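A quick write-up on the structure given underneath.
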Amino acid sequence: MSPAPTSEDLAGRLVSFVGALRNKGIPAGTSETVDAAAVVEVLGLDDRTQLREGLAAALVRRGGQREVFDMTFDLFFPAGTGARQSVLEQAVLDGSEDGLFDLEDIRDLLAMALAELDLRTMEQVAELAVDALGEVGTPGTNTAGWSAYQTLDRLQPQTLIARAQQQRGSGGAGSAQGQGTGQGQGPTQGSVTERLARDEVRRGVEAFRQMVAAEARRRTAEVRGRDVVTRHAVRQGTGQVEFLSANRQQLDELRATVRPLARKLATRLAIRRRRARRGRIDIRRTLRRSMGTGGVPIRPAYAPPHPARPELVLLCDVSGSVAGFSSFTMLLVQALSDQFSKVRVFAFVNAMDEVTDLVKDPTYAGDLSRRIADEARITKWHTSSDYGEALGDFAEKYLSAVGPRTSVLVLGDARNNNQGLNLGALHDVAARSRRTFWLNPEHSTRWGLGDSVAPEYADVVEMHECCTVDQLSAFVTRLLPV
């Protein structure tokens, strides 16, 4: 056959690959696609590792995107198709042509691989395990595929840590013990060595879990399509993770991005502030100047600038799943505090209390929401969210914190548990402030459903959907006054 169809297939696959990355939050457009095509033309397809690094250099622009890229790359440019050679070789050795292997044999192989921390053998065991234990659904139907969860549930690799550690230490245990005893520090040295060995085996188990997940995705993509598997099995980029659905690990990853994100946003705010220092164009003075150039306003005149930095007040709902969104925003604002003349933070569930000192404490590196719950008075006689009661507290006790230079941000999902709204208190806050915004971590399609009173509050102040870090970043740099 002529090479033309192959070239077209490769080009189509590359375009689909870039589109899948874009759907997962990696901003790759036409120019990046052209760069990626040039990389493929120069590097070719012979060395898959080299191709992966070349495409990553062309398509990955931000931190926190590499894992998403690698998972998607493995689906669109797999190392092979169907059962890998290791599976077929094992079938020949075992005399099994149907691919069914004994569970204990696979566990023994995995224990030996973990003991030696042999990543290549662990990868081969992962292929065997998925092929033998992970098949789900009916072949030839839309339910067919391979499940990493089912494979790991049957294999139970975490139960092999002690066995692998024992196999690893059996070879040199006697000599190590004798040497430790001769130096008079046998028990201490032995316990430290055991802990280090156990930690290494645990890291090996975690690496094996990732190998099983990658193999299951690869096999499933062959029968159900790459696009389907990419959409459902590849995680979102850090900037696209939704606050309300993020698990603990994802929230920890989000918190780790606060400082780099704050530096980037501070640069953008500083640029906007420099552009605004000249003030607005003074039409009268500009027209007067234009008389000397025949009526052409070559040299515009500007009104005196107002370079004072704004003040910022945060009212944060720290109840339930909203706490992760509020905690991240508080940390981000604290990291951006140099961009504002004053920052004050208030937290609430159904009672309002100032937590500025807690947020600004540089020595605390734990869960901010937990600390606020322990040390601040944010609840009264019940623990359910009550925006009306909390806004009333703020209007009664802390309204003096809001002035004509203050921007107020209300953080919360506006789910009020069928309590009173107290729209008057929110009116008072909005009337005293320069601008008041409400940032809602729920999708706008859910506003007004169930106990959500978002539409009622949105009639009083400007409400914005802020489900992800990208949306929050866009709000900070686009709408906050400078």
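The values are calculated or read from the model by the stated rules, or taken from the named source; none is laboratory data. Computed from a predicted model, the values in this text were never measured in an experiment. Quick reminder, even Gly has a Cβ in these numbers, built from the backbone with ideal geometry, and neighbours come from all protein chains shown. The accessibility values were calculated without ligands, DNA or RNA, using every heavy atom of the protein model including side chains. Shrake-Rupley method; radii C 1.70, N 1.55, O 1.52, S 1.80 Å.
Hey, among 436, 477, which residue is under 24 Å from residue 353 (Cβ atoms) and either β-branched (Val, Ile, Thr) or surrounded by fewer than 20 Cβ atoms within 10 Å (Cβ to Cβ) (or both)? Lay out the reasoning, then the answer.
Numbers: 477 fails: under 24 Å from residue 353 (Cβ atoms).
436 is the lone residue from the list that is under 24 Å from residue 353 (Cβ atoms) and either β-branched (Val, Ile, Thr) or surrounded by fewer than 20 Cβ atoms within 10 Å (Cβ to Cβ) (or both).
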Can you name the residue in region 295-333 that is under 17 Å from residue 401 (Cβ atoms) and at pLDDT 85 or above and is also most open to solvent (accessible area, probe 1.4 Å) among such residues?
311
May I ask you to list the residues in region 439-474 that are surrounded by 20 or more Cβ atoms within 10 Å (Cβ to Cβ) and assigned to a helix (DSSP H, G or I)?
454, 457, 469, 472
I'd like the full set of residues that are open to solvent by 60 Å² or more (accessible area, probe 1.4 Å) and of a type in the set (Gly, Ala, Ser), limited to region 369-412.
400
Test: residue in region 346-353 that is at pLDDT 90 or above, under 28 Å from the mean Cα position of the chain (by Cα), of a type outside the set (Asp, Glu) and assigned to a loop (DSSP other than H, G, I, E, B):
yes
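Based on what the data block shows, is residue 158 assigned to a helix (DSSP H, G or I), closer than 21 Å to residue 205 by Cα and modelled with pLDDT of 90 or more?
no
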Residue list for region 335-368, filter: open to solvent by 60 Å² or more (accessible area, probe 1.4 Å) and closer than 28 Å to residue 392 by Cα:
341, 342, 344, 354, 357, 360, 367
Does residue 219 satisfy the criteria of being open to solvent by less than 60 Å² (accessible area, probe 1.4 Å), closer than 28 Å to residue 120 by Cα and not in a helix (DSSP H, G or I)?
no
Looking only at residues in region 229-249 that are over 14 Å from residue 24 (Cβ atoms) and not aromatic (Phe, Trp, Tyr), which one is surrounded by the most Cβ atoms within 10 Å (Cβ to Cβ)?
246
